[in-house]
Amino acid sequence: MSTTPSVYTAYQGNTFLFGGNAPYVEEMYENYLAHPGSVPDSWRDYFDALQHVPASDGSNAKDVPHLPVVNAFAERAKAGGTKVVVASVDAEMGRKRTAVQQLIAAYRNVGQRWADLDPLKRTERAAIPDLEPSFYGFTDADQETVFDTSNTFFGKNSMSLRELLNALRETYCGTLGAEYMYTSEQAEKRWWQQKLESIRSKPSFSADKKKAILERLTAAEGLERYLHTKYVGQKRFSLEGGESFIAAIEELIQSAGAQGVQEVVIGMAHRGRLNVLVNTMRKLPADLFAEFDHTAPEDLPAGDVKYHQGFSSDVSTPGGPVHLSLAFNPSHLEIVNPVVEGSVRARMDRRADPLGKQVLPVLVHGDAAFGGQGVNQETLALAQTRGYSTGGTVHIIINNQIGFTTSDPRDMRSSVFCTDIVKMVEAPVLHVNGDDPETVVLAAQLALEYRMTFRKDVVLDIVCFRKLGHNEQDTPALTQPLMYKKIAAHPGTRKLFADKLATQGLGATLGDDMVKAYRAALDAGKNTSECTKKLPRTLARVNCLPTSWPPRDWAPLWATTWSKPTALRWMRAKTPLSRC
Ligand SMILES: Cc1ncc(C[n+]2csc(CCOP(=O)(O)OP(=O)(O)O)c2C)c(N)n1
């Protein structure tokens, strides 16, 4: 084949096509020419591209499979016709090599459906035929056969079928189930394969990091339990069962700060909001308690106002202080999301930061609301547009597997995952078992790294459970007796993780000591870690204007009047705002 210099240059790095791999690639090319669908997607894309390279005689002639031609000569030779010598083609071995590539592709494509994601283990997982070697005709006799694995990132160019299967199952079917193969960007697919396969989707954190994760879980659980006993029956939309979320968002903010992000704008609904206020944004517990006690300087009206207020603070990160803004939100689930995106875009424009290197939107969703509210599809549709892009949003789903009182997957939605709407923009999704907090934190790191590298949306789906009712006035054991029987028997994510660290020798009393320390801090109305700067309460303030920014001329708007009373006056009338 003759190639133009640019094509030659493009293929120059493909050394994997040569040497010992050449016969294998040739066989796969034969298969492709006969049945394009029989080879893995990545190879099909590659061979498709070859079809546009002109033939060596400059004509438009297309390649045809050689194997039938070779076989025809062999048949003629056997029949005593023309005497020819043919190369021995081990067709069965060739078929197996192709099958191994199909097996690898199957794990990358649908491994997440067999992943160990549900802490409650509520349903039997349906078998997935294409993840089984027998589907491709492999038997036990093939387990020790060594195949080429240079197309993977397991660190070996060849592995036995047994070794390869273990690696694939660890990477794609453990407590992290990744979905990324639907992206049309080859570079992104390879990026995910490299990230996941090179570590087999397993975190390897230091003892201090593990302790820090346990501390966040302790804070998350500790606040909920404290409020539960102190303000009996008052609504707080408990996060219990989903404590890993607090570890994940902390990781996101700390890593974002380390990578140069200066502002994080968060949109979220009721679930876990008080926890984010105190444990993530470092609102003083004493201020929160004052709201429950109705002794706050700004007495809040009845209803769910605590769950609608915004907040701002600056928290310390390895890269310096990061400004956090939690957007005010109404009861209408998910509707705050485009507002957050608009706020982020405005901050990017003001900072002259067109790629969103300094400002990060984080949207926190419920599993039922995420796919159910069309505003998410509309917001996703704007995600990569020139006028509205925010350089990629990190979405976190607190997937407690229930929406109010609907918990049976057959009644909840028609798609496999609650995140499936993001496939409209090919956003990758990391589903992760909330009972494995270290992997949740690893997934948060990967999600952020993807967002900072490719400037696109990414989803972290934390599969967890809801320990209590929808709110504290709901008795879920009546409406979901089976689910809540399992939940009642669950010791709690914090306890499981504390026990795990104890068995690793990190301290038999570590967990209990942290519980006591957190409780003592709450008794004193304090946080266990302070923010660097407390900003005026309830003011979702936009600060840090660069001095170069020209002052806006507001004079033409001075005469503007409103015919209706303002929201503030309406709030002061103590009208309950919602039932949420
Ligand atoms: C647009 C809208 N529809 C319905 C409701 C009523 N509502 C409040 S919470 C809720 C269930 C939400 O479930 P999920 O998204 O899974 O979040 P969770 O409460 O389980 O964290 C519903 C239907 C609402 N507040 N807003």
Original post:
Out of all the residues in the range 409-432, which are closer than 20 Å to residue 241 by Cβ and crowded, with 23+ Cβ neighbours inside 10 Å?
Top reply: 417, 418, 419, 430, 431, 432
Original post:
Just checking, how many residues over the range 464-513 are of a type outside the set (S, T, N, Q) and more than 15 Å from the ligand (Cβ to nearest atom)?
Top reply: 28
Original post:
Do we find a residue being without any contact (Cβ under 8 Å) to a residue 40 or more places away in the chain, aliphatic (A, V, I, L, M) and more than 14 Å from the ligand (Cβ to nearest atom) anywhere in the range 284-293?
Top reply: yes
Subject >> Condition check for residue 306: within 16 Å of the ligand (Cβ to nearest atom), among the basic types (Lys, Arg) and either crowded, with 20+ Cβ neighbours inside 10 Å or in a helix (DSSP H, G or I) (or both) >> reply: yes
Original post:
If we scan the range 368-378, do we find a residue that is more than 14 Å from the ligand (Cβ to nearest atom), crowded, with 22+ Cβ neighbours inside 10 Å and under 19 Å from residue 425 (Cα atoms)?
Top reply: no
Subject >> Hits in the range 399-426 (condition: part of a loop (DSSP other than H, G, I, E, B), over 20 Å from residue 460 (Cβ atoms) and within 11 Å of the ligand (Cβ to nearest atom)) >> reply: 404, 405, 407
**OP:** Kindly list the number of the only condition in (1) surrounded by 13 or more Cβ atoms within 10 Å (Cβ to Cβ); (2) within 15 Å of residue 220 (Cα to Cα) that fails for residue 506.
**Re:** (2)
**OP:** Would you mind finding the one in 391, 320 that is surrounded by 20 or more Cβ atoms within 10 Å (Cβ to Cβ), assigned to a loop (DSSP other than H, G, I, E, B) and not aliphatic (A, V, I, L, M)?
**Re:** 391
Original post:
Which of (1) more than 12 Å from the ligand (Cβ to nearest atom); (2) among the charged types (D, E, K, R); (3) buried (at least 16 other Cβ atoms within 10 Å of the Cβ) does residue 350 not meet, given it meets every other one?
Top reply: (3)
**OP:** Look at the range 90-119 and say how many of its residues are more than 30 Å from residue 464 (Cα to Cα) and β-branched (Val, Ile, Thr).
**Re:** 2
Original post:
Can you name the condition, by its number, that residue 282 falls short on among (1) under 22 Å from the mean Cα position of the chain (by Cα); (2) closer than 18 Å to residue 312 by Cβ?
Top reply: (1)
Subject >> Pair list, Cβ < 9 Å and 6+ apart or interchain, from the range 345-370 residues that are within 15 Å of residue 252 (Cβ to Cβ) to residues that are among the aromatic types (Phe, Trp, Tyr) and in a helix (DSSP H, G or I) >> reply: 364/245
Original post:
Quick check: anything in the range 434-441 assigned to a helix (DSSP H, G or I) and either within 16 Å of the ligand (Cβ to nearest atom) or within 30 Å of residue 474 (Cα to Cα) (or both)?
Top reply: yes
**OP:** Check off (1) surrounded by fewer than 24 Cβ atoms within 10 Å (Cβ to Cβ); (2) without any contact (Cβ under 8 Å) to a residue 60 or more places away in the chain for residue 246 and give me the number that stays unchecked.
**Re:** (1)
**OP:** Search the range 328-347 for residues being more than 21 Å from the chain's Cα centre (by Cα) and within 15 Å of residue 393 (Cα to Cα), and hand back the single one that is nearest to the ligand (Cβ to nearest atom).
**Re:** 339
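Quick note: the coordinates plus some simple rules give every number you see, no bench work behind them. All values derive from a computational prediction rather than experimental measurement. Cβ: placed from backbone, ideal geometry, glycine included. Neighbour counts: every protein chain shown.
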